[in-house]
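So the structure is just underneath, and the comments pick up after that.
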Amino acid sequence: MAPPPLPPTRPESADASPRVRPPTAETIAAAAESLRAGDLVAFPTETVYGLGADATNDRAVAGIFEAKGRPSFNPLIVHVSNAAAAAEIVEFDDRARAIAVRFWPGAVTLVLPRAAECPISLLCSAGLPSLAVRVPAHPVAQALLHAVGRPLAAPSANPSGAVSPTTAAHVAEAFGAALPLILDGGPCPIGLESTVLDLTGEQAVLLRPGGITRDEIEATIGPVLLPSAETPVAAPGMLASHYAPSRPVRLDATSVAADEGLLAFGGAPLPGAARTINLSPAGDLREAAANLFSALHALDRSGLRAIAVMTIPETGLGVAINDRLRRAAA
Ligand code: TXA
Ligand code: MG
């Protein structure tokens, strides 16, 4: 499919800094190359600016959490160019198909079960069996997705706890020189995040109000619930029901039993475990974050009595890693 036409080049970007660039064919090609190499690129969508990474690259996705300074791993929205690409990574039902036909490309995100052979990083799901997907309508987002040829994980491009950015200048202010490239597509036409609709259960649940209204969604698929004590899903940002291992998890281990699996960190893994997975032999927290969920899954499935976890420093991405491990141990 041919990419949609690009908007006319704006000769003067909102920010004169070289990393804020107008979305020409050249800058989009450069952005796509950076993304395929595992770097982050901020780009406009019709809702808000997104902080994008190759969603199939664990380390790139870990970089998003690092840049945003999130104290925990919230699941991320994965952006794809059309519904067919979405159907390769999540399982559609009739409701999802109806929403996609009616509103995509557009400002609604669907939370659906991960497909069996889903190539998307487990970090995008923050350990959940579901994945949030969206087809953005913005021509620059569409052009970028076509150029990259891979799904893009992209939360709103703001530091954790700050408001979502609706101009390239907001993104540049928030991230300073830390972000090598920001595609400037002008102000976001909607300026409000996408509506997040959970379709993993029998009842559709509106997890976040946004660009598409509840009425518009109900006109398409019937009644939609709001998150509450009665609904099985937790509200975004309070996902206490994150994937929990079925084996007991023991933190800050200083020794390990012969029938335990060890989640190690750093150059001196404890000896004696039945099986050891080292999150990062080099002691690199970004590498550890990238490996965390697949390591927990692997140790959980290995039939061992318990999972012992070595101490992980409470700095940088270590804060989010430890938050996740404490939930797993609770
Ligand atoms: O408009 C938007 O949606 C923007 C643009 C860039 O697309 N993105 C955005 O992403 O707002 P973010 O990460 O700031 O918000 C994603 C929301 C969060 O509230 C998150 O908890 C929820 O979606 N979410 C993502 N995956 C989920 C999942 N598997 N289950 C439940 N909630 C999920
Ligand atoms: Mg956000």
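The residue list Pro180, Pro159, Pro105 contains one member that is away from ligand 2 (no atom under 16 Å from the Cβ), closer than 26 Å to Ser72 by Cα, assigned to a loop (DSSP other than H, G, I, E, B) and open to solvent by 10 Å² or more (accessible area, probe 1.4 Å), which is Pro180.
A Cβ distance below 9 Å, combined with a sequence gap of six or more or placement on separate chains, defines the contacts here; from region 111-137, residues that are closer than 12 Å to Ala55 by Cβ and within 7 Å of ligand 1 (Cβ to nearest atom) reach residues that are acidic (Asp, Glu) and part of a strand (DSSP E or B) in the pairs Ala132/Asp198. Take Ser130 and decide whether it is modelled with pLDDT of 95 or more, away from ligand 2 (no atom under 14 Å from the Cβ), under 30 Å from Gly201 (Cα atoms) and open to solvent by 10 Å² or more (accessible area, probe 1.4 Å). It is true that Ser130 is modelled with pLDDT of 95 or more, away from ligand 2 (no atom under 14 Å from the Cβ), under 30 Å from Gly201 (Cα atoms) and open to solvent by 10 Å² or more (accessible area, probe 1.4 Å). Checking each residue in region 301-321 for being surrounded by fewer than 20 Cβ atoms within 10 Å (Cβ to Cβ) and touching a residue at least 24 places away in the same chain (Cβ under 8 Å) picks out Ser302, Leu304, Arg305, Ala306, Thr311, Pro313, Thr315, Gly316, Gly318, Val319.
Please state which of the following conditions Leu128 fails to meet, knowing it meets all the rest: (1) in a loop (DSSP other than H, G, I, E, B); (2) within 17 Å of the chain's Cα centre (by Cα); (3) under 24 Å from Asp39 (Cα atoms). The one condition Leu128 does not meet is (3). In the set (1) more than 30 Å from Glu33 (Cα to Cα); (2) modelled with pLDDT of 90 or more; (3) within 13 Å of ligand 1 (Cβ to nearest atom); (4) open to solvent by 60 Å² or more (accessible area, probe 1.4 Å), the condition left unmet by Pro189 is number (1).
Can you name the residue in region 33-84 that is acidic (Asp, Glu) and open to solvent by 10 Å² or more (accessible area, probe 1.4 Å) and, of all such residues, is nearest to ligand 1 (Cβ to nearest atom)? If you could, list the steps in order and put the result at the bottom.
Residues of region 33-84 acidic (Asp, Glu): 33, 39, 46, 54, 58, 66.
This time we only want the ones that are open to solvent by 10 Å² or more (accessible area, probe 1.4 Å), so: 33, 39, 46, 58, 66.
Details: Glu33: 21, Asp39: 17, Glu46: 8, Asp58: 16, Glu66: 15 Å.
Result: Glu46.
The values are calculated or read from the model by the stated rules, or taken from the named source; none is laboratory data. Keep in mind that what you see is a predicted model, and the values were worked out from it rather than measured. For neighbour counting, all protein chains shown are included, and Cβ atoms are generated from backbone atoms with ideal geometry for every residue, glycine included. Note: accessible area is taken over every heavy atom of the protein model, side chains too, but ligands, DNA and RNA are not part of it. Shrake-Rupley method; radii C 1.70, N 1.55, O 1.52, S 1.80 Å.
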